[in-house]
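Each remark here refers to the structure printed beneath this line.
The values are calculated or read from the model by the stated rules, or taken from the named source; none is laboratory data. Predicted model, so just to flag it, every value in this text is computed and none were measured. In this analysis, Cβ positions are derived from the backbone assuming ideal geometry, glycine residues included, and neighbour counts consider all displayed protein chains.
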């Protein structure tokens, strides 16, 4: 039995690596053609284009893993069924369910690997790819720097601005500090505001305290207009996206917004999603084994069509639930975990129904 298990595992790994490389290559090529106009307009060196595409690879692989897992196990067991190997195994008195149970361990390892990949390599690669595109391909200079858990940028009036966070979708920044200097770079004024809102083409600061170091005075205002900050597009374009942050970074950023009195459901959903998404690898392995070995569902090669259907239905339900979570219809944890939970139950039921 051990030799047979090793044989099927080698077959699975062979197809898995081939499909993973295939799916990843197709996605990277699609990214190349999607950015073709930018490459043609700015004519960056070939190695810069290659660097950008290479940095896209980890993120693409993260999304390709579940598909490679599902179709690899379907092909492995399907070919074994075609050559009557499954029948021979059953005729010898062995349990196919027990024989392929180690594939579930492989699925668990893939899920844990996807979680590790999504928390380490992928965010770093996505951040670097965004920087390469902006600086080396589009020849634009970054206007926002991330230091000490805050955003730093140069104001339109040559001031230095520190921002605690940007509330996406609301054109609002929180915990704003504006440092004004004289030509000798001596600090003349410091403006502190709890928040700033963009309206009618200007930023309106709320609960403002102005420290004037030249006249040695301190003044407080309920509201004050500022011309130092650029319009919200700079934040929408240059702010780190959830995909560019790992769980801890996203949690800390959301916590700063929450402490300032703002709640953004999208960030909470993304937090839970970073934990729930890797589970799809185990689920696809579970469904692959159940479909391929269960004669009620066609078994063998016929299960490939059902495998595609399972993938489509999973992504459809998952996307709908994520959207419901973003709008507050479902709680964030339920929105991200309900689809994996339902499919795990369905896959487990089908797995238990496999007839040896």
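Restricting attention to the range 150-192, which residues are part of a loop (DSSP other than H, G, I, E, B), closer than 28 Å to residue 251 by Cα and touching a strand residue (DSSP E or B) at 6+ places or on another chain (Cβ under 9 Å)?
In the first step, residues of the range 150-192 are kept if they are part of a loop (DSSP other than H, G, I, E, B); the result is 155-159, 168-171, 182-186.
Among the residues that remain, those that are also closer than 28 Å to residue 251 by Cα are: 155, 168-171.
Residues satisfying the conditions are 155, 170, 171.
Any residue in the range 190-210 that is at negative phi, at pLDDT below 90 and in contact with a helix residue (DSSP H, G or I) (Cβ under 7 Å, 6 or more places away or on another chain)?
No.
Considering only the range 200-225, state which residues are touching a residue at least 12 places away in the same chain (Cβ under 8 Å) and either outside the structural domain of residue 174 (by TED's automatic domain parsing) or over 16 Å from residue 180 (Cβ atoms) (or both).
Start the filter on the range 200-225 by keeping residues that are touching a residue at least 12 places away in the same chain (Cβ under 8 Å), which leaves 201-214, 220-225.
Listed by number, the residues that qualify are 201, 202, 204, 206, 207, 220, 222, 223.
Only one of these is at pLDDT 95 or above, out of contact with any strand residue (DSSP E or B) (no Cβ under 8 Å at 6 or more places or on another chain) and assigned by TED's automatic domain parsing to the domain that holds residue 22: 92, 111. Name it.
Going through 92, 111 in turn, the sole match is 111.
Of the conditions (1) exposed (fewer than 15 other Cβ atoms within 10 Å of the Cβ); (2) within 30 Å of residue 136 (Cα to Cα), residue 13 satisfies every one except a single condition; which number is it?
(2)
State all residues of the range 241-250 that are in contact with a helix residue (DSSP H, G or I) (Cβ under 6 Å, 6 or more places away or on another chain) and either free of Cβ contacts under 8 Å to residues at least 40 places away in the same chain or assigned to a helix (DSSP H, G or I) (or both); if no residue qualifies, say none.
Passing the criteria: 242, 243, 244, 247, 250.
Please find, within the range 193-222, the residue that is surrounded by the fewest Cβ atoms within 10 Å (Cβ to Cβ) out of those that are assigned to a strand (DSSP E or B) and out of contact with any strand residue (DSSP E or B) (no Cβ under 6 Å at 6 or more places or on another chain).
Out of the qualifying residues, it is 222.
Condition first: in a loop (DSSP other than H, G, I, E, B) and in contact (Cβ under 8 Å) with a residue 40 or more places away in the chain. Now tell me which residues in the range 226-240 satisfy that.
Residues satisfying the conditions are 227, 228, 229, 230, 232, 239, 240.
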